[in-house]
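Beneath this line is the structure, given in structure tokens, with notes to follow.
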Amino acid sequence: MERVPTNPGLMVALPGMQTSEGSQPRQRDGRARLDELVTRARAGDVDAWSRLYQDTFDDVLRHVCFLTGNASVAEDLVQDAYARAMSHIHTFDGRSSFLSWLRAIALNVVRMHWRRSHTSDRALDRLRELVDLSTGGATAPVDKIHQQDLRMRLLYELLATIPENLREAFVLRELHGISPEEAAAQLGISVGNLAVRASRARARLRQELERLGWTERSAT
Amino acid sequence: MSADNPVDDLVEAAHSSVSAMSRRVSPNFTAMVARAHAQSPERISAEMVTEAATLAPVVDIRSRVAEPRDNVLDSLVSAAKEGVDRMVEGRRLAPIPPMRRPPRSRRMIAAIALVTAAAAAVVLVLALPRMAGQAQAIGAGETPAQAFHNSENEAPSGTALVPAPRPAASSRVELPASAPEEPLVELTAEEPQARARAQHHAAGELRELSEEAHALWRKGDLRGAEQRFIAITKIGGRGVLAELAWGDLFALARQMDDKGKSVTRWRAYLSKFPGGRYADDARAGLCRRSSDVRSCWSNYLRDMPRGSYRAEADAAVGSPGSEAP
């Protein structure tokens, strides 16, 4: 494959855009292209890695954002996930898709992050404060957007209080929007087990919300 | 809000907010490879880090179309999503936050504040009379960013960009030839609503310009795309969209193989965003073309001890052993 030596321009696969690998627009099937890039990446081709990074970044970032609920944390963890993937590409056996493999690495990185940052003693205070604000307490802001952000924070604070296996099942099944099969495969469990865990997580969250007085306040 | 299912309310809110939040993060391939090298130097060599730095930047071009959810969203959630999108666009215009610094103790901060206040008082007493006299002379000088905009307004073909009157109902965004940096409209602090309207208007204009620029780029009209990105850097000031446009301008200069333009743009960018997301690349680029390579890289190492190009800088300065951990 001929490579243009100077100024390849942007490394994006946009329809009709000329790339650094040839003079004709890319028409090949996406999967075949991905396979080829993975093969080259395994051989240590940095250019191939940059394209894989470009093609998958958005997906992996969303995955980690949904797991953490924090863009700054997610940015760092995503970089870490790719760095690990790059140095462990030799372990990728092709049984799952490359993206699934990346997501699984990202999930492991997020798990390590969760274990490093244990829920602090102030978690309950923070939760109470958030419930207060989100349900229109005395000092609550009336801005709708702010309310939405507060609710998101509340959900992630609540998720931090439940066991990790329930938390990740809930996030992947209820929030992320990936297929149950893929979510189950990532967690190494059956689809049925995933549903059970997500359901248990939901029950725990609801229970915690009731304990915090959310239901009564939000109904008023 | 459904009290019957409080968890659903939170899930809906979180889904919208997280989707919007993920759009605020940009890829940085070079930094990722440097991290991989730091984690596993035996598998990811320093040469790979250097090679990653020489590749064209991986830029963030994502679909702006909201992804459909599995379940049907009701009108309330749709309205909320629109609100979140508006908020995100508004935030895109906000200034880039300063670089993170290690936290200092309160006592240290108080001491610094005292010393600074004392120094400022002395300087004011000594220099106030001279400053008044110099004020008029300052207008004659220009910053690198101003120099860049002045030079970019003079098209190489000799066809200078001429400001055209804006038609009232034009669907196409006109390119301002000498747009003010920021803000677009002079507003007082007593006009927050007007300011919000102006920001919203500017956000819309920047969005349109950006989409137009990328469309032209895809068609191969590099010059047209370049003009629009330049317009974005003028209108957007120090906002995120403007900074991303600088990144696109760097890539375009490389694509056009115009090294002179690259250097001018790196300088102009650094004068506006000294700690920006492309500062690492811009400084490395300038050092590679510097007449005093050693001194330039030495400054780079001093200012960016964890920069992506530190291996290259070490090699240029000749200080072995300070490679990535």
Check: What number of residues within region B:289-306 satisfy the criterion of being of a type in the set (Ser, Thr, Tyr) and touching a Ser or Thr at 6+ places or on another chain (Cβ under 8 Å)?
Finding: 0
Next item on the list: List the helices (runs of 4 or more DSSP H) that sit entirely inside region B:200-293 and contain at least 3 residues that are farther than 30 Å from B:Val317 by Cβ and without any contact (Cβ under 8 Å) to a residue 40 or more places away in the chain.
Entry: B:222-235, B:240-255
Item checked: Scan of region B:245-257 for residues that are modelled with pLDDT under 80 and among the acidic types (Asp, Glu), ordered by number -> B:Asp257
Margin query: Which of the numbered conditions does A:Ala43 fail, given that it passes all the others? Conditions: (1) facing chain B (nearest Cβ under 8 Å); (2) free of Cβ contacts under 8 Å to residues at least 40 places away in the same chain.
Written below: (1)
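Where in region A:101-220 are there helices (runs of 4 or more DSSP H), lying wholly inside it, with at least 1 residues that are at pLDDT 85 or above and small (Gly, Ala, Ser)?
Correct list: A:164-170, A:180-187, A:191-211.
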Note to self: Consider region B:292-315. How many of its residues are surrounded by 14 or more Cβ atoms within 10 Å (Cβ to Cβ) and closer than 23 Å to B:Ser45 by Cα?
What the structure shows: 14
Check: Of all residues in region A:53-76 being more than 7 Å from chain B (Cβ to nearest Cβ) and within 19 Å of A:Ser87 (Cβ to Cβ), which is surrounded by the most Cβ atoms within 10 Å (Cβ to Cβ)?
Finding: A:Val64
Next item on the list: Report whether or not B:Ser262 is closer than 28 Å to B:Gln39 by Cβ, within 14 Å of chain A (Cβ to nearest Cβ), buried (at least 20 other Cβ atoms within 10 Å of the Cβ) and touching a helix residue (DSSP H, G or I) at 6+ places or on another chain (Cβ under 6 Å).
Entry: no
Next item on the list: Determine whether B:Arg207 is closer than 22 Å to B:Gly276 by Cβ, out of contact with any helix residue (DSSP H, G or I) (no Cβ under 6 Å at 6 or more places or on another chain), basic (Lys, Arg) and surrounded by fewer than 22 Cβ atoms within 10 Å (Cβ to Cβ).
Entry: yes
Next item on the list: Could you run through region B:34-48 and say how many residues are more than 7 Å from every other protein chain (Cβ to nearest Cβ) and without any contact (Cβ under 8 Å) to a residue 60 or more places away in the chain?
Entry: 3
Notebook entry, point to check: Assuming A:Val196 fulfils every condition listed in (1) under 16 Å from the mean Cα position of the chain (by Cα); (2) among the β-branched types (Val, Ile, Thr); (3) open to solvent by 60 Å² or more (accessible area, probe 1.4 Å) apart from one, which condition is it?
Noted result: (1)
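Across region B:1-27, what is the number of residues that are in a loop (DSSP other than H, G, I, E, B) and more than 7 Å from chain A (Cβ to nearest Cβ)?
The number of residues fulfilling the criteria is 5.
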Next item on the list: Among what's in region A:163-176 and is closer than 13 Å to A:Ala203 by Cβ and open to solvent by less than 10 Å² (accessible area, probe 1.4 Å), pick the residue that is nearest to the other protein chains (Cβ to nearest Cβ).
Entry: A:Phe170
Next item on the list: Give me a count of the residues in region A:77-91 that are open to solvent by less than 20 Å² (accessible area, probe 1.4 Å) and more than 10 Å from chain B (Cβ to nearest Cβ).
Entry: 1
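The values are calculated or read from the model by the stated rules, or taken from the named source; none is laboratory data. Only a predicted model underlies this, so the values are computations on that prediction, with no experimental measurement involved. Cβ coordinates were reconstructed from backbone atoms using ideal geometry, including for glycine residues, and neighbour counts include every protein chain displayed. To get the accessible areas, we keep the full protein, side chains included, count just its heavy atoms, and leave off ligands, DNA and RNA. Shrake-Rupley method; radii C 1.70, N 1.55, O 1.52, S 1.80 Å.
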